[in-house]
Amino acid sequence: MKYLLVAFCTLLLAGCVSESVTAKQRAGLTMRRSAAKIEHHDLKLSLVGKRDKVCDKGQNLTFKLQNNGADAITLIDWRLDAASNLRVECQVWFPGNDQPDENAWLTINEPPEGDARRYPLTLDPQNLITIDVPLEFVQRLRISPGAERRYFVRATVELDSVSVRSDVAAFTVRNP
C-alpha cells in the first residue's frame with residue numbers, strides 16, 4: 001500500500017507541469033519583440049530646444065522624432081525609456097572646423113544591450129515624440145569663467161524596425 005501511494009503521488013506530480021508567466025510578460029513589456037523592418041517611412045529626427053548649456057549643472061539635449069508621412073507608423077520595438085532608443089554622438093567643435101571629422105565621434109548615449117522594457121509607439125501623420133537625453137559629461141566640465149566650448153552632435157534611432165539619423169547640429173556649453 002505504501003508503494004502504491006508513492007507511485008500515485010509520483011504520477012500526479014510528474015503530470016503537473018505549470019508555466020510561470022509574470023504580469024509584465026503577459027503585457028509584453030519585458031519580452032523582446034522581433035520587428036519587421038519598415039522600409040517606407042518619412043520619419044525625421046532632429047535636435048530641438050535650447051542649445052546653450054551651462055557647465056556644472058544637469059543638462060539635457062532634446063530631440064524630436066516626427067512622422068512627416070501620410071500614414072501612421074507603429075514602432076513595436078520602442079523602448080519604454082525613450083532616451084535608450086537613441087545613440088547620441090558628439091565631438092568638440094574646434095575653431096576653424098566647419099564640418100565634423102567622421103572619425104572623431106564619441107558616443108555619449110547608446111541603446112542598452114539585451115532586452116529592455118518595450119511597448120508599441122504609434123506616430124500618426126505629423127505627430128511627434130520628444131526625447132530628452134542627459135548630458136552627463138557637462139556636469140564634469142571645467143571651463144574658465146566667460147568661456148565656452150562648442151560641440152557637434154548627431155543622433156540615431158536604432159531599432160529593429162527603423163534606423164533614422166539626425167542631421168549634424170551643434171550646442172554650446174558656457175561658464176557664465
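Just how large is the dipole of the range 61-120 about the Cα centre, in debye to the nearest 20, putting +1 at every Lys and Arg Cβ and -1 at every Asp and Glu Cβ? All intermediate terms of the calculation are to be shown ahead of the outcome.
Details: 5 positive and 10 negative charges, 64 e Å.
Value, rounded to 20: 300 debye.
Cα centroid separation, the range 60-92 to the range 133-176: 15 Å. Divided by 2.2 N^0.38 Å, where N counts the residues, the Cα radius of gyration of the range 80-176 comes to 1.26. The string of couplings for the range 133-146 from the Karplus curve (6.51, -1.76, 1.60, θ = phi - 60°) is 10, x, 9, 5, 5, 5, 5, 9, 5, 10, 10, 4, x, x Hz, one whole number per residue in order, with x for Gly and Pro. Ligands, DNA and RNA are left out, and with a 1.4 angstrom probe the accessible area of the range 36-84 is 51 Å² per residue.
Ignoring ligands, DNA and RNA, what percent of the accessible area of the range 132-176 is carbon or sulfur (1.4 Å)? Using a 1.4 Å probe with all protein chains present, the range 132-176 comes out at 42 percent carbon and sulfur.
The values are calculated or read from the model by the stated rules, or taken from the named source; none is laboratory data. As the structure is a computational prediction, the values presented were derived from the model and not from experiment. Note that we place each Cβ from the backbone using ideal geometry, even for glycine, and neighbour counts take in every protein chain shown. The area values use the complete protein model at the heavy-atom level, side chains included, leaving out ligands, DNA and RNA. Shrake-Rupley method; radii C 1.70, N 1.55, O 1.52, S 1.80 Å.
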